[in-house]
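The values are calculated or read from the model by the stated rules, or taken from the named source; none is laboratory data. Remember, predicted model here, so these are calculated numbers, not experimental data. All Cβ positions, even for glycine, are placed from backbone atoms using ideal geometry, and neighbour counts span all protein chains on display. We work out accessible area using only protein heavy atoms, side chains counted, and drop any ligands, DNA or RNA first. Shrake-Rupley method; radii C 1.70, N 1.55, O 1.52, S 1.80 Å.
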Amino acid sequence: MSFRKRFTLALVRNAEEVLLGLKKRGFGEGKWNGFGGKVEAGESIHDAAVRELREESGLIVENLKYIGILDFEFAGDPKILEVHVFTTSQFTGQLVESDEMKPQWFSIQDVPFAKMWPDDEFWFPLFLKNEMFKGYFFYKDQDTIGHYTLSVVDEL
Ligand SMILES: CSc1nc2ncnc(N)c2[nH]1
């Protein structure tokens, strides 16, 4: 029987660049990720996204725009990761490297997909075109997508 666990994923961007973090340990180690993590009990998904972004990058944001929902399932694991994706281009604060994450700006012409989760290559183009999306990715192992669905939506 599968069960869902909610996560957040925040992508900070400006006209030319997107902010990614190099995961230095744990799940997804060695990959450039968005910033995010678990939604704690009693916390709204949006508040969790704001908190995780500050904790992992040092950046303070008021408003995050909700742009997508991505469900991730891994073969043999009953836990489905329900990832709520947000973006913003308004932020304050200074980038901080933590023991978990090393933040770095990348040109949107040169997103390091080879060192990111494989699903990113599918939905990043929708994110960069400011489209809203819903996706489901089944991972056969941490590096291999077995099958997926991805669609542009008018509402989440
Ligand atoms: C578990 S699958 C996954 N894809 C991702 N893309 C970007 N940032 C993440 N943290 C991601 N996790």
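Quick look at the numbers
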{"read-out": "Residues that are open to solvent by less than 30 Å² (accessible area, probe 1.4 Å), among the hydrophobic types (A, V, I, L, M, F, W, C) and more than 9 Å from the ligand (Cβ to nearest atom), drawn from segment 1-24", "value": "A10, V12, V18, L19"}
{"read-out": "Selected residue (criterion: farthest from G146 (Cα to Cα)) from residues of segment 44-78 that are in contact with a Lys or Arg (Cβ under 9 Å, 6 or more places away or on another chain) and open to solvent by 40 Å² or more (accessible area, probe 1.4 Å)", "value": "I60"}
{"read-out": "Tally of residues being within 13 Å of the ligand (Cβ to nearest atom) and not in a helix (DSSP H, G or I) across segment 25-62", "value": "13"}
{"read-out": "Matching entry among D99, D119, D77 (being acidic (D, E) and under 24 Å from V153 (Cβ atoms))", "value": "D119"}
{"read-out": "Elements of type strands (runs of 3 or more DSSP E) in segment 71-156, at least 3 residues being more than 15 Å from N33 (Cα to Cα)", "value": "79-88, 132-141, 144-153"}
{"read-out": "Residue check for V111: modelled with pLDDT of 95 or more, buried (at least 16 other Cβ atoms within 10 Å of the Cβ) and under 15 Å from T8 (Cβ atoms)", "value": "no"}
